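The numbers here are math on the coordinates, done by the rules we state, and not lab data. Here the structure is a predicted model, which means the values were calculated and not measured. When we count neighbours, we look across all protein chains shown, and the Cβ atoms used for this are built from the backbone with ideal geometry, even at glycine.
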Amino acid sequence: MDISTKKSQNTDEAPPPAAPPTQAEQKRAARGATRPGDRIFLGLSRGSGILLLVIMAAIAVFLTYRATLAISKDEANFLTAFEWNTNLIPPKFGIAVLAFGTVVSSIIAMAIAVPIAVAIALFLTHYAPRRLSGPIAYVIDLLAAVPSIVYGLWGALILVPQMDGLFGWLNNYLGWTGIFSWDEGAPRSMLTVGVLLAIMILPIITNVSREVFRQVPQTHEEAALALGATRWEVVRMAVLPFGRSGVISASMLGLGRALGETMAVATVLSPDFDIHASLLNPGGGTFAQNIASKFNEATEFGRDALIASGLVLFVITLLVNGAARAIIARRKEYSGANA
C-alpha cells in the first residue's frame, strides 16, 4: 500500500472522542452555576413573583370580605338595581348603572383611540421623515405624562362647551336611531366622557404600538418590497401581522386606564342612577367616579358598599386582561415574530 492510500485512510477516520471532564473541571462548572450572584438573582426574581401573587391575593381577599359584609345587608339586587342609597334602613344599592356606564364609556374611548393611535404609530415609523417623527413622538410622550385632573379641568372648561356643535349634528342626522338623540341639555354625557378618555389613552396605545412596529424585521419589509409591494402593502402584509399581538397589548393597557379613570370622569360627567338610551343626554356613572364622589361622605357601611363595587371593577379588569392574553396566545403563531 502506497503512502497516498494510507493518508486517505487516515483522513477518513473519525476524530478521537473528547476526553471526559475531570473532577476539578466538574467542580468549577458547578461553582459557576451556583455562584452567589446567581443565587441572589434567582432568589430575588422568585421572591418578586411570589410577592406579586401574594399582593393580588390579599387585595382579592380584602375586597371580597368587605363586599360580603355590604351585600349581605342589601335589600335590592346588587347586580341589577338602579339605585344607590346606603343610608336607608334597610339599605338599597346596585351596580347596574355603574357597570353600564363604565363599559360604554370605555368602548367609546377604545373605538376612537385605537385606530388613531395605530395610524399615528405607523406614520411615525414608516412614513414620517426622521426630523418630523422625533418631535411628534416627544409631544405624544408629554401627553402621557399629563395628570388626570388636568385632563378633567380641560374637559370641563374647553371640551364640554365645544361638544354642542357635534351633538347638534348627530341629533339632526342620526337622532332617529335613539342612540344619538339630544334634548339640548348640557353635553356632560357618556359620549363626552368617551371622547375625553380616548384623548387620555391615545398616548399609551401610540407609544407601545410605535415600539412594536419598530421591531419588525427589516428582512420582512425588504422581501415584500422585492416582490413589488407598495408601501401600504408592506405595512399590511409585513408590519401589521407582526405587530398584532403588541397592538392588542397596547390596547389593553389603554383599556385598563379607561376602566379605572376617576377624576377626569368625575369632573366632566353629570352623574345619575339611570341608564339612558341616548349617549348624548347627561347622566350615567362609572365605578371609579362613583367611588371617588361618595367615599369621603360615606358611613362605614357605605364604604363597604363602595368596596363591593370596586370588587366588580377588579373582576372586570381581570377578565379583560385574561381575554387579551388568550387572544395574544392564539395569534402569536401567525404574528410573524417567530419567522
**Request:** Apply the Karplus parameterisation 6.51 cos²θ - 1.76 cosθ + 1.60, with θ equal to phi minus 60°, to every residue of region 227-236 and state each ³J(HN,Hα) to the nearest whole Hz, in sequence, with x for glycine and proline.
**Result:** 7, x, 6, 6, 4, 5, 5, 5, 4, 6
**Calculated semi-axes √(5λ) of the Cα gyration tensor in Å (choose from (i) 31, 24, 20; (ii) 35, 25, 15; (iii) 54, 32, 17), label** = (iii)
**Fill in**
Across ALA60, ALA305, ALA258, the residue with the highest GNM fluctuation in the chain (Cα network, 10 Å cutoff) is ALA60
**Prompt:** Around PHE93, which amide H atoms from residues at least 5 apart in sequence, or from another chain, sit under 5 Å from its own amide H, with H modelled in the peptide plane?
**Reply:** GLU75, ALA76, ASN85
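Let's test the formula: R0 of 30 Å, r as the Cβ-Cβ distance of LEU52 and ILE149. What FRET efficiency results, to the nearest 0.05?
So, using R0 = 30 Å, E works out to roughly 0.55.
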**Asked** Tell me, how many Å apart are the Cα centres for region 230-246 and for region 90-158?
**Response** 23 Å
**Message:** Between ILE40, ILE89, ILE59, where does the largest GNM mean-square fluctuation fall for the chain, given springs only between Cα atoms within less than 10 Å?
**Reply:** ILE40
**Complete:** In whole Hz, the Karplus estimates of ³J(HN,Hα) for region 253-261 (6.51, -1.76, 1.60; θ = phi - 60°; x where Gly or Pro) are 4, x, 5, x, 5, 5, 5, x, 5
**Request:** Would you compute, from DSSP H runs of 4+ residues alone, the mean residue ellipticity of the chain at 222 nm, taking -39500 (n - 2.57) per run and dividing by the full residue count, rounded to the nearest 500?
**Result:** -22000 deg cm²/dmol
**Fill in**
Once normalised by the length of the chain, the mean sequence separation of its alpha carbon contacts under 8 Å that are 6 or more apart gives a contact order in percent of 24 percent
**Prompt:** What list of ³J(HN,Hα) couplings, whole Hz, do you get for region 143-148 from phi and the Karplus terms 6.51, -1.76, 1.60, once you set θ to phi - 60° and write x for glycine and proline?
**Reply:** 4, 5, 8, 5, x, 5
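What FRET efficiency do you get for LEU227 and SER133 if R0 is 25 Å and r is their Cβ-Cβ distance, rounded to the nearest 0.05? Present the calculation step by step, with values, prior to reporting the outcome.
On the way: r = 26 Å, r/R0 = 1.05.
Plugging the Cβ-Cβ distance into 1/(1 + (r/R0)^6) gives 0.40.
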**Complete:** Proxy exposure order for MET190, MET263 (fewest C-beta within 10 Å first) is MET263, MET190
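The chain: longest stretch without exposed GluC sites (Glu not before Pro) (DSSP loop, at most 10 other Cβ within 10 Å), sites themselves excluded? Before the final figure, lay out the partial values.
On the way: sites that count: GLU13, GLU297.
In the chain, the maximal stretch lacking such sites is 14-296.
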**Prompt:** With Cβ to Cβ distances under 13 Å as the rule, what net charge do the other residues near LEU98 carry (K, R +1; D, E -1)?
**Reply:** -2
